[in-house]
1. Does GLU4 fit the bill of being more than 9 Å from the ligand (Cβ to nearest atom), surrounded by fewer than 23 Cβ atoms within 10 Å (Cβ to Cβ), more than 24 Å from GLY138 (Cβ to Cβ) and acidic (Asp, Glu)?
2. Could you please find all residues in region 132-148 being away from the ligand (no atom under 14 Å from the Cβ) and either under 30 Å from ILE46 (Cβ atoms) or in contact (Cβ under 8 Å) with a residue 40 or more places away in the chain (or both)?
3. Would you be able to tell me the number of residues in region 26-56 that are within 19 Å of the chain's Cα centre (by Cα) and more than 12 Å from the ligand (Cβ to nearest atom)?
4. Could you look through region 64-110, keep only residues that are in a loop (DSSP other than H, G, I, E, B) and under 17 Å from the mean Cα position of the chain (by Cα), and pick out the one that is farthest from the ligand (Cβ to nearest atom)?
5. Counting residues that are touching a residue at least 40 places away in the same chain (Cβ under 8 Å), which helices (runs of 4 or more DSSP H) fully inside region 193-286 reach at least 3?
6. Return only the number of the condition from (1) in contact with a helix residue (DSSP H, G or I) (Cβ under 6 Å, 6 or more places away or on another chain); (2) hydroxyl-bearing (Ser, Thr, Tyr); (3) crowded, with 19+ Cβ neighbours inside 10 Å that THR75 does not satisfy.
7. So GLY228 fits all but one of (1) exposed (fewer than 15 other Cβ atoms within 10 Å of the Cβ); (2) of a type outside the set (Lys, Arg); (3) more than 19 Å from the chain's Cα centre (by Cα); what number is the exception?
8. So the check is Cβ under 7 Å with 6+ separation or different chains; which pairs have a first residue in region 80-109 that's in the same structural domain as SER120 (by TED's automatic domain parsing) and a second one that's part of a helix (DSSP H, G or I) and away from the ligand (no atom under 11 Å from the Cβ)?
Amino acid sequence: MTIEKIGVSGAGVMGTGIAHISAVAGFAVVLRDIKEEFTEKAFRRIEELLSRSVEKGRLTEEEKGRVLSRVTVTTDAAPLADADLIIEAVVEDIDLKKRVFSELHGICKPDAIFATNTSSISVTEIASGSGRPELFCGLHFFNPVHRMRPVEIISGAQTEARVIDAVKAFAEAIGKVPVHVKKDSPGFIVNRLLVPYLNEAVRLVEEGVASPRDIDTAVELGLNYPVGPFKMIDTGGVDLTVKVLDRFREAFADEGYAPRETLREMLESGRIGRKSGEGFYKYGDD
Ligand SMILES: NC(=O)c1ccc[n+]([C@@H]2O[C@H](COP(=O)([O-])OP(=O)(O)OC[C@H]3O[C@@H](n4cnc5c(N)ncnc54)[C@H](O)[C@@H]3O)[C@@H](O)[C@H]2O)c1
């Protein structure tokens, strides 16, 4: 299974990042979204990231031009037809993801590998609507894509071993460290460990044990984590934290995963973190 051409469906935060690093690594990339304003924005973002690399001396102007020439943006699905690997990064909605893969199955080469960047939906379930569950896996990148080194590669119930091998080789070729998640389980590895820990940090505040700022300081210095739990919740969003906890609670039928009351209240009042200007901390225009 040779991977030379990459198709990315969804040119938002993640899709753009995935297209960028794939093109830098020498792959031809087709990046697709539903509106031209989104694909144009994505292309400008890739240009901007490359210009920054030029400024830092990591890339020459000529190399930047060559990388950009490997990126095609489109609102049409047809240019994805000859891609060897399709990475889906559309919004986190099961019905939409299934629709996207069903359309792609009709267009793409029969041996093309399909991968989803979902963070919380079952890979096996998305694969069930893809027409090729044996050639399907999860490929979970972290944000920001160009900085975060690991990628979780998730086997769905029917994923063939050769698909995992090919996707691992691709991940290494784009400079990532692949981690194989052998069983499709909610949150995979990183979010399964992270999100309950964030919830527990909120419980500490509710119990009056310490303030968010002091807990962040304790974790950053005591555990050597780059950011503490409250800065982390504010960056990812209270909405996303609540959504993932609700999913865990349902999937594992365990009330221990229920989002803490404080998170629910913050969500209801719209204090959802950095993107709303306030979460556990207040944010200016920075
Ligand atoms: N943002 C993160 O930190 C992060 C991290 C890991 C994984 N993820 C996952 O990656 C996926 C994308 O997240 P994001 O943050 O980039 O979202 P986003 O909202 O920034 O981008 C999603 C894009 O999908 C496009 N889209 C919608 N319908 C489409 C269709 N039919 N065909 C093609 N494009 C379509 C939207 O127009 C939008 O540009 C989600 O599944 C999310 O859970 C996100």
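The values are calculated or read from the model by the stated rules, or taken from the named source; none is laboratory data. Since the structure is predicted, the reported quantities are computational estimates derived from the model, not experimental observations. So basically every Cβ, Gly included, is an ideal-geometry build from the backbone, and we count neighbours across all protein chains shown.
1. no
2. The answer is ARG132, LEU135, PHE136, CYS137.
3. Total satisfying the criteria: 4.
4. Out of the qualifying residues, it is ASP93.
5. The helices (runs of 4 or more DSSP H) meeting that bar are 229-236, 238-252, 261-269.
6. (3)
7. (1)
8. Listed pairs, sorted by first residue: LEU80/ILE107; ALA81/ILE107; LEU85/PHE170; ILE94/GLU125; ILE107/ALA78.
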